[in-house]
Amino acid sequence: MTQPIPLIKHSEPVKRIAVTAGKSREPFIAVVYATRDGDLEVLEGGKPMRWGDQMLTKYRTRYEVDISDHHLTFEFKDDLPLPTQADVYHFHASVSVSFRVADPAEVIRRNVQDAVPLVRGHLLGVCRPITRMFAIEEAEAAEAAIRARFRRDTVIQGGVSLYAVEVRLSLDEAGRKYLQEIEQAARDDKMHAARHVTDVNDLEREGRLDLLKQSRDHMLQERERLMLNGQPLDAISMVRLHLQRNPHDTEGAMKMMAALEQARFEHEQTQTDRMQQLLGAFAKDGLVNPAEVSTLVEAVVKHMEGSAGAIRASATVGTPATATPSAPQALGWNESLDDILGPTPAPTPMATPTATATVPPPAAAAEQGRPANISPVYLLVDESPGAHALPEGLDRVVADLIADLAARPQVAAAVRLGVLGFAETVETRIPLGPIPPGSADPGFTTREPADHAALFAYLRDHIPADLDVLRAQHPSVRPPVFVMLCAADPRDDAWEGWHRRLLGQVRRADIVVFGVGAATAVIAGFASYPELAFLAPGADPDRATGLFAAFLHDYIVAVGQSALDGTEPPVPDAKGFQPVSASL
């Protein structure tokens, strides 16, 4: 369990009359004074009052606040893991954070006794929505998204500043097993694919051997048939053939002869018994003279043994003559089968299907000297009545920006710029594409009130298609950057669902929001993170346009340069604007 880190080290009443000098402080301690009314003040960066100032002071309580650097490591697992997409699996996270007190008075005002639960709760609240946008296979991308979220110092409630956050994600047991099974299945598939060629070759070789064996067997059978042609195939001849094939199996041939003689004897005995029974029955019925039975039996036996001629009867039975059918006429060698069987029907021709799909042309060769990365940038400009004083000035801002980028061909090659105007509907002022040579006038105009739900719905439906086109043209396309200029707050909450869908579909996109005119801190919800939302100082539209033009120029040039160099995207530095996060 993490040990508590108390930020309020000591508190005591202020002594208005003291004999000795006031209490000193350590370098890592800031002194905060509270009046009778509860107002808090930090004198000269946290220094204590001088001894002479205590006589007539208005302060009643003296607090000592720890402003030193602290370092913690939190483990988010088991009971509190970070969810993945669809909450099916979870990430185990080890988060190392370094923090210090940025506002000692805020620590006293919030009565922050222990910084650990405050920092832990903030980290958990920020990391969970980010990891829920990524699948279990995208742990590295989720880590990068969390690092990008904390790449700037973040002041949280209680006046504590998080200035360094490092996260390491791992998989829970179920997720690890799932990925291992997928990896094993992929490896098995590769093994089967590698073995497939060998198996096919083995089967083909076995088939050829079988054909050779079959051809040899057929040849031997044909030679044997020719050799046996015209020879008797009685039992004695078959035994003789066996002895010819197997000259060393004399014992087997003798056994076969003995079995054959035994079978013949049993058969003759059976026939003699049956004939004697038959003739005895005939004599009993008076059909045969009993004195002739023995003679007839002997004659039958001799006939069966082949030692006497045929048994002849004294009477003959007439057999009706039957006409012998004549043989069919022989077919001549030059007669056509069509004359006998009739003409063979012609095969029905098969319809040839017409191909409707076309084969896409091969991809063009890689361009020489093209940048390592492409960064798509979208400029979203409010054209509602609240921005009526901006269109003309913004036309010049965009035209100057394009002209300046065109003068930097290497940076311009790494940027794809698109300009959209939004009100009740969204209008494309400059389609997303390469920086055109020279300048371009977007032609902003004042229209009906803005519908932010329609804006984010449009982006959700069109941005993925734009990115697919860019990825087909270049192998490395960075997440898009949106720079949004708002002149009014949203009229309802309908935009929130489309905003979430956009960020879920377009991962790691940066949405930088600027508020002018009637826009308030509510526009911070449009930004990817509250730190990327800014408000114009005052109501002067010309000054706001000038500050916005300076930011737009520096930021987009820096975006293109980082894509060209392959470095991290720049952090927006909106000079002259007020960060919305400071007022939340």
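What the table shows:
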| quantity | calculated |
| --- | --- |
| Those residues of the range 155-190 which are open to solvent by less than 20 Å² (accessible area, probe 1.4 Å) and under 30 Å from residue 66 (Cβ atoms), in sequence order | 156, 158, 159, 160, 161, 162, 167 |
| Tally of residues being surrounded by fewer than 17 Cβ atoms within 10 Å (Cβ to Cβ), in contact (Cβ under 8 Å) with a residue 40 or more places away in the chain and closer than 18 Å to residue 379 by Cβ across the range 549-568 | 1 |
| Unique match (being surrounded by fewer than 18 Cβ atoms within 10 Å (Cβ to Cβ) and either modelled with pLDDT under 95 or farther than 28 Å from residue 474 by Cα (or both)) among 571, 516 | 571 |
| Given (1) modelled with pLDDT of 90 or more; (2) part of a helix (DSSP H, G or I), number of the condition residue 53 does not satisfy | (1) |
| Only one of 225, 152 that is open to solvent by 70 Å² or more (accessible area, probe 1.4 Å) and within 30 Å of residue 77 (Cβ to Cβ) | 152 |
| Residue count, the range 539-562 (criterion: under 22 Å from residue 518 (Cα atoms) and in a helix (DSSP H, G or I)) | 12 |
| Selection status of residue 405, more than 34 Å from the chain's Cα centre (by Cα), at pLDDT below 95 and closer than 20 Å to residue 516 by Cα | no |
| Single condition residue 262 does not satisfy, out of (1) modelled with pLDDT of 65 or more; (2) open to solvent by less than 60 Å² (accessible area, probe 1.4 Å) | (2) |
| Members of the range 78-94 that are assigned to a loop (DSSP other than H, G, I, E, B), surrounded by fewer than 14 Cβ atoms within 10 Å (Cβ to Cβ) and either on the phi > 0 side of the Ramachandran plot or at pLDDT 90 or above (or both) | 78 |
| Unmet criterion (only one of (1) within 27 Å of residue 551 (Cβ to Cβ); (2) open to solvent by 70 Å² or more (accessible area, probe 1.4 Å); (3) part of a loop (DSSP other than H, G, I, E, B)) for residue 507 | (2) |
| 2 or more residues touching a Lys or Arg at 6+ places or on another chain (Cβ under 8 Å) and open to solvent by less than 20 Å² (accessible area, probe 1.4 Å): qualifying strands (runs of 3 or more DSSP E) within the range 381-491 | 415-422 |
| Selected residue [open to solvent by less than 40 Å² (accessible area, probe 1.4 Å), at pLDDT 85 or above and touching a His at 6+ places or on another chain (Cβ under 8 Å)] from 98, 68 | 98 |
| Odd one out for residue 562, checked against (1) out of contact with any Asp or Glu (no Cβ under 7 Å at 6 or more places or on another chain); (2) at pLDDT 90 or above | (1) |
| Test: residue in the range 41-48 that is modelled with pLDDT of 85 or more and not in a loop (DSSP other than H, G, I, E, B) | yes |
| Breaking point among (1) touching a residue at least 60 places away in the same chain (Cβ under 8 Å); (2) out of contact with any Pro (no Cβ under 9 Å at 6 or more places or on another chain); (3) farther than 28 Å from residue 535 by Cβ; (4) of a type in the set (A, V, I, L, M, F, W, C), for residue 413 | (2) |
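The values are calculated or read from the model by the stated rules, or taken from the named source; none is laboratory data. The model shown is predicted, which means the values in this text are computed figures rather than measured ones. Cβ coordinates were reconstructed from backbone atoms using ideal geometry, including for glycine residues, and neighbour counts include every protein chain displayed. For accessibility, only protein heavy atoms count, side chains too; no ligands or nucleic acids. Shrake-Rupley method; radii C 1.70, N 1.55, O 1.52, S 1.80 Å.
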